[in-house]
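*Asks:* This is the structure I have questions about; it appears just below.
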Amino acid sequence: MRLQYAKEAQMRFIGHLDVTRAFERTIRQARIPIAYSQGFHPHPKASFGPPLALGIESLAEYVDLQLSEPYPWDIVASLNSILPPGLRIVDAKPIFGKTLALNAAINAAAYDVSLPPEVELTKAVESLLAASSVILRRTTKQGIKDVDIRPGIRELRSGSGVLSMTLTLGQQTSPRPMELLKHLLGWPSDRMCALKITRTGLYIERNGRKLSPMQVL
């Protein structure tokens with residue numbers, strides 16, 4: 001069973017591990033017949049999509065649940081009646097046959113950033129999209145490294161107080177939303193933290209097509 005869920009309000013400050021624990025508790029309380037792994041420390045067979053950075057809201061996170069038997073009731077309503085505020089199931093769809101794990105399949109993410117009225121990014125966006133490379137400096141375990149993030153920027157547009165961007169995931173050149181914003185805005189970190197960023201979609205790009213994890217089922 002594939003679930004799409006939203007992570008909003010104060011839950012945007014809760015880390016990925018705590019979100020998985022919240023789901024495990026909710027699944028137990030709702031008596032969802034989830035399958036468990038074998039061994040001395042069995043755990044629920046739940047596979048989550050790419051983690052969301054702290055401080056970012058989302059309307060489109062995903063988790064796959066392997067059920068041990070059919071669930072006869074409305075799984076969306078059952079989970080939503082128990083999940084903590086800020087976590088909400090949006091949709092559910094059964095999985096038939098084998099499918100790639102969400103983390104392996106999802107390779108792009110879309111974001112909307114709400115901008116203050118005085119911020120105008122049209123020219124900065126046009127300049128960035130016209131550039132053949134966009135070099136950012138990252139601090140890694142191996143030290144400071146220059147990375148060209150331009151190949152990882154799929155879409156970028158600004159208008160009506162919103163910056164929309166679609167970025168690749170899981171590649172060395174994949175931009176992080178905050179580092180791209182800092183490059184465009186040039187703001188200090190404390191001002192950047194006040195921006196409202198929402199992940200609006202996760203996608204599987206394959207053979208020139210961009211599909212949501214629900215659309216591939």
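The values are calculated or read from the model by the stated rules, or taken from the named source; none is laboratory data. Being a predicted model, the structure only gives us computed values, none of them experimental. Here Cβ is always computed from backbone atoms with ideal geometry, including for glycine, and neighbour counts include all displayed protein chains.
*Asks:* Considering S133, S174, S164, which residue is closer than 26 Å to A105 by Cα, assigned to a loop (DSSP other than H, G, I, E, B), in contact with a strand residue (DSSP E or B) (Cβ under 6 Å, 6 or more places away or on another chain) and polar (S, T, N, Q)?
*Replies:* Every option except S174 fails the conditions.
*Asks:* Let me ask you something else. Show the residue pairs that are 6+ apart or on different chains and have beta-carbon atoms under 6 Å apart, the first residue being within segment 43-55 and assigned by TED's automatic domain parsing to the domain that holds I14, the second being assigned to a loop (DSSP other than H, G, I, E, B) and hydroxyl-bearing (S, T, Y).
*Replies:* H43/S37
*Asks:* A further question on this structure: Got a sec? Which of E155, E61 is outside the structural domain of I32 (by TED's automatic domain parsing) and either closer than 20 Å to Y203 by Cβ or outside any loop (DSSP other than H, G, I, E, B) (or both)?
*Replies:* Details: E61 fails: outside the structural domain of I32 (by TED's automatic domain parsing).
The unique qualifying residue is E155.
*Asks:* Can I ask one more? Among (1) out of contact with any strand residue (DSSP E or B) (no Cβ under 8 Å at 6 or more places or on another chain); (2) closer than 21 Å to M214 by Cα, there is one condition G39 misses while meeting the rest; what is its number?
*Replies:* Just one mismatch for G39, condition (2).
*Asks:* Here's a follow-up. Condition test on R31, is it of a type in the set (D, E, K, R) and on the phi > 0 side of the Ramachandran plot? Walk me through how you get there before you give the answer.
*Replies:* Working: of a type in the set (D, E, K, R): yes; on the phi > 0 side of the Ramachandran plot: yes.
Criteria met by R31.
*Asks:* Right, another one. In segment 177-191, what residues are outside any loop (DSSP other than H, G, I, E, B) and surrounded by fewer than 16 Cβ atoms within 10 Å (Cβ to Cβ)? Talk me through it step by step, then tell me what you get.
*Replies:* Of all residues in segment 177-191, those outside any loop (DSSP other than H, G, I, E, B) come to 177-185, 189-191.
Across segment 177-191, the qualifying residues are E179, H183, S189, D190, R191.
*Asks:* Ok, one more. If S37 meets every condition in (1) surrounded by 11 or more Cβ atoms within 10 Å (Cβ to Cβ); (2) without any contact (Cβ under 8 Å) to a residue 12 or more places away in the chain; (3) farther than 23 Å from T200 by Cα apart from one, which number is that one?
*Replies:* It is condition (1) that S37 fails.
*Asks:* Mind listing whichever residues of segment 192-217 are surrounded by fewer than 13 Cβ atoms within 10 Å (Cβ to Cβ) and without any contact (Cβ under 8 Å) to a residue 24 or more places away in the chain?
*Replies:* Listed by number, the residues that qualify are A194, R206, N207, G208, R209, Q215.
*Asks:* I've got another one for you. If you take the residues in segment 108-130 that are in a strand (DSSP E or B) and surrounded by 13 or more Cβ atoms within 10 Å (Cβ to Cβ), which one is nearest to the chain's Cα centre (by Cα)?
*Replies:* Initially, segment 108-130 is screened for residues in a strand (DSSP E or B), giving 108-114.
Among the residues that remain, those that are also surrounded by 13 or more Cβ atoms within 10 Å (Cβ to Cβ) are: 108-113.
Working: A108: 9, A109: 6, A110: 8, Y111: 9, D112: 12, V113: 14 Å.
Going through the qualifying residues, I end up with A109.
*Asks:* So, in segment 82-107, exactly how many residues are of a type in the set (S, T, N, Q) and either over 15 Å from L3 (Cα atoms) or assigned to a helix (DSSP H, G or I) (or both)?
*Replies:* Residues of segment 82-107 that are of a type in the set (S, T, N, Q), as a first pass: 99, 103, 107.
Now restrict to residues that are either over 15 Å from L3 (Cα atoms) or assigned to a helix (DSSP H, G or I) (or both): 103, 107.
Count: 2.
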